[in-house]
């Protein structure tokens, strides 16, 4: 089974591109979708982007299309039934490097990654970090812009 990870900038909300890409993957065959979790739930940003961040969109469309779905939420969030890692990895105190740790685990687990980027963004630290990790581990990726 090919594990395809989805990662993107905060606030990326182009549902049609995400849904279209997941649909294309479904046509290819034996695929597992790997998301970055629903990290904004219960946050102030939920008011600004109500359940429309990349993690929620990927999860929603993957489950709707009946594809196997796994996720890597940040370790300061609760464990759920879609988590790849064991429950004792979660509910830890917030640390600045939690995102980097999650990103490394996700890159290591996935066979390929799809990166979603807004058109007007020139330099995004988290995407650049993921790209460096992908290149270090020699894993293929594709970048899709808004």
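Read the figures in this text as sums done on the coordinates, not as results from a lab. Not measured: the values here are computed from a predicted model. Backbone-built Cβ (ideal geometry, glycine too); neighbour counts: all protein chains shown.
Observations on the model:
- Straightening the chain between residue 119 and residue 84 buys 9.5 nm, computed as 0.36 nm per residue apart minus the Cα-Cα spacing.
- Note on residue 9 and residue 144: the model spin-label points, each 7 Å out from Cα along the C-beta direction, lie 1.6 nm apart.
- Listed residues 71, 135, 32, most fluctuating in the chain (Gaussian network, C-alpha, under 10 Å): 135
- Extension gain for residue 137 to residue 91 (0.36 nm times residue separation, less C-alpha to C-alpha distance): 13.7 nm.
- Cα gyration tensor shape of segment 87-146, rounded if a/c is under 1.5, else prolate or oblate by comparing a/b with b/c: oblate
- Choice from 108, 70, 59 showing the highest fluctuation, given a GNM over the chain with Cα pairs closer than 10 Å: 108
- For the chain: relative contact order, % (alpha-carbon pairs under 8 angstrom, 6 or more apart): 29
- Listed values (1) 20, 18, 17; (2) 22, 20, 15; (3) 26, 22, 15, entry calculated as semi-axes √(5λ) of the Cα gyration tensor in Å: (1)
- CD proxy at 222 nm, helix term only [per DSSP H run n ≥ 4: -39500 (n - 2.57); per residue of the chain; nearest 500]: -11000 deg cm²/dmol
- Additional length obtainable on full extension of the chain from residue 108 to residue 23, 0.36 nm per residue less Cα span: 28.2 nm
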